[in-house]
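To keep things clear, I will list the structure first and then write my remarks on it.
The values are calculated or read from the model by the stated rules, or taken from the named source; none is laboratory data. The structure displayed is predicted, hence computed values, not measured ones. Cβ sites come from the backbone with ideal geometry, for glycine too, and all protein chains shown count toward neighbours. Areas reflect the complete protein model, heavy atoms only, side chains present, ligands, DNA and RNA absent. Shrake-Rupley method; radii C 1.70, N 1.55, O 1.52, S 1.80 Å.
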Amino acid sequence: MPTYAAPGVYVEEVVSTQKVLSSAPTAIAAFVGFTERAPSDDPNDPDGLAPRLVTSWPQFEKLYGSFTPGAVLPLSVYGYFANGGALAYIVRVPHTAPSGQPSRRELPAADRSLGLPLAVESLEPDADLTLQISTADTPGDVEGPSAFDLSVLQNDVVVERFENLTLDKGDRNVATVVNGTSTKVKVDVLLDAKTDLSSQIEVLKPGSYPLEKAAPTPVAVNGRKFAGSETARAGINGLAVAEDVTIVMVPDLITAATKEDGSVDLGLWKAVQTSLISHCEQHGNRMALLDAPPGMSPQQIKEWRSDVAMYDSGYATLYYPWIKVENPIGTNGDAEVFIPPSGHIAGVWARTDESRGVWKAPANDTLRGCLDVEYAITQNEQAILNPIGINCIRPFGTRGIRIWGARTLSSDSDWRYINVRRLFNMVESTIAEGTQWAVFEPNDVALWEGIKRTLNAFLKGLWSAGALFGQSVDQAFYVKCDAETNPPESIDQGLLIVEVGIAPVKPAEFVVFRIAQHKQVAN
């Protein structure tokens with residue numbers, strides 16, 4: 001309390017005990033897998049292993065490269081943004097090692113008849129260097145117009161420059177000058193010694209030419225590399241630092257699990273997905289979006305789910321079958337490719353959250369960019385998959401290819417539906433983050449009433465938006481924080497106990513119309 005000594009008017013600010021809660025984000029995805037390259041803009045993470053947030057496909061391309069053979073993650077990220085996703089963390093798992101060979105480039109001539117007159121090779125293996133060729137401004141002692149300047153750039157900075165070079169024999173011969181002084185590159189003149197260059201205005205075509213690295217060496221990736229480490233900020237567990245993530249998937253599991261004979265290592269498949277489920281259960285605010293193994297019939301996927309995988313978690317969901325999409329790096333023979341659907345599904349989740357809310361089941365919606373499915377499932381076939389939590393993707397003719405399932409992998413009927421689990425995740429995260437102000441406040445009636453007003457206002461807003469079931473707020477939720485939940489012995493332990501109950505809306509999974517003949521009865 002302030003001390004008043006002199007007469008006068010005093011104004012005091014009274015802190016309100018009712019706060020406003022803002023809903024926690026619900027559709028922030030995380031992709032764990034392979035990329036074309038690692039980001040190079042963080043000196044503290046030279047291998048690019050830590051989670052990085054991207055907000056668009058162009059930003060992903062800038063950091064991690066584009067579509068590349070041997071990586072499904074770029075296709076999944078592209079599908080995520082195409083289907084309505086807006087925020088995604090990328091966790092790169094290294095699956096290649098540098099080749100250990102020099103970077104090399106053959107430079108074109110201005111006159112096509114001369115072919116590729118000059119080869120340049122880096123002195124260090126796998127060097128990131130760019131060559132810049134320009135016409136010599138001051139030929140000096142070099143006779144004729146064929147002189148040129150050569151600059152070596154590293155990270156867009158000129159590290160070496162050689163002027164007044166020529167392919168002719170003499171003191172300014174490019175091989176003699178560069179190979180005698182450069183610490184970055186060596187050159188080799190490929191022209192026939194009898195080639196007459198006296199009539200050439202320009203021998204080398206001016207421009208910038210990045211040296212091309214040799215193809216990297218593939219490296220086997222096991223379950224431990226996918227699982228990663230929280231302390232190392234790598235792999236699935238490295239997502240512990242990305243506290244706002246709500247959806248996690250591993251689209252490149254198929255890349256690592258494919259054996260040399262083309263079969264799939266289902267042991268690795270289960271090991272990685274089990275790690276993913278455990279991670280989501282431990283954090284409690286995110287869900288594992290699992291892909292079914294490829295090439296399985298409905299009977300096979302049922303047996304795998306029931307007898308091999310045996311997952312039981314309200315924090316995981318499984319989709320089947322794979323989907324066909326355009327292959328941007330394919331040719332006529334492989335212009336289309338089947339990929340796991342998790343990235344596209346995550347985009348639909350984000351789209352549903354934005355247009356309807358997290359309480360709406362993310363189902364009965366089309367997949368953008370999906371050309372076909374690996375297996376066209378019938379109604380009867382889905383009847384054996386839906387009860388065990390396998391969400392099907394099915395073609396419906398003119399209605400398109402739609403997600404036709406909204407179940408988790410939980411055997412507990414309370415957590416059967418995806419939207420129920422995700423709604424509770426959102427409510428729990430919102431309350432935990434939005435009531436931090438109550439810590440260390442006096443544990444009395446004033447605090448209890450303030451907490452109740454804050455939560456009642458938030459939950460009433462959810463009920464008004466259609467997230468909660470009931471014709472009135474009393475049917476939709478309750479908040480209890482009083483002397484009964486906070487007896488003296490609880491207060492003495494420093495505890496504030498608040499009970500919150502909500503009635504979530506559940507999807508109309510089976511719509512039944514009972515139709516009977518209506519017969520007129522004569523009077």
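Semi-axes of the equivalent ellipsoid for the range 474-518, please: Cα gyration tensor eigenvalues, times 5, square-rooted, ordered largest first, whole Å. Provide the component values of the computation, followed by the final result.
Details: eigenvalues 417, 21, 8 Å².
Listed largest to smallest, the semi-axes of the range 474-518 are 46, 10, 6 Å.
Largest first, what is the accessible-area ranking of Met426, Met296 with a 1.4 Å probe?
Numbers: Met426 10, Met296 30 Å².
Highest to lowest solvent-accessible surface, that is Met296, Met426.
Remark: for residue pairs Lys225/Lys259; Lys62/Lys360; Lys302/Lys324, the C-alpha separation exceeds 28 Å in Lys62/Lys360. When peptides 489-495, 159-165, 342-348, 512-518 are sorted by average Cβ neighbour count within 10 Å, with the highest value leading, the order is 342-348, 159-165, 489-495, 512-518. Largest first, the extents of the alpha carbon coordinates of the range 12-151 on the three principal axes equal 86, 47, 29 Å. Per residue, the accessible area of the range 47-185 comes to 46 Å², computed with a 1.4 Å probe over protein heavy atoms only.
How large a share of the accessible area of the chain, in percent, is made up of carbon and sulfur atoms when the probe is 1.4 Å and the other protein chains stay in place?
Working: 13810 of 27140 Å².
With neighbouring chains kept in place, the figure for the chain is 51 percent.
Quick one: ranking Lys270, Lys62 by accessible area, 1.4 Å probe, largest first, what do you get?
Working: Lys270 60, Lys62 165 Å².
Ranked list, largest accessible area first: Lys62, Lys270.
Tell me, what is the per residue accessible area of the range 284-413 in Å², probe radius 1.4 Å?
Working: 5130 Å² over 130 residues.
Averaged over the residues of the range 284-413, the accessible area is 39 Å².
Most tightly packed first, judged by the mean number of other beta-carbon atoms within 10 Å of their residues, the peptides 27-34, 204-211 read 27-34, 204-211. Whole-percent P(r), the chain, all Cα pairs, 10 Å bins from 0: 3, 15, 20, 17, 14, 12, 9, 6, 3, 1, 0, 0, 0. For the chain, the residue among Val505, Val445, Val11 whose Cα projects farthest onto the positive side of the dipole built from Cβ charges is Val505. Protein-only accessible surface at a 1.4 angstrom probe places the residues Met310, Met287 in the order Met310, Met287, largest first.
Can you tell me what share of the DSSP beta bridges in the chain is antiparallel? A percent to the nearest 5 is fine. Expressed as a percentage, antiparallel bridges in the chain total about 75.
Per residue, the chain reaches -7000 deg cm²/dmol at 222 nm when only DSSP H runs of four or more residues are counted, each adding -39500 (n - 2.57). With one equal scatterer per alpha carbon and no solvent term, the Debye-computed log10 I(q)/I(0) for the range 373-462 at 0.17, 0.22, 0.23 1/Å reads -0.82, -1.06, -1.11.
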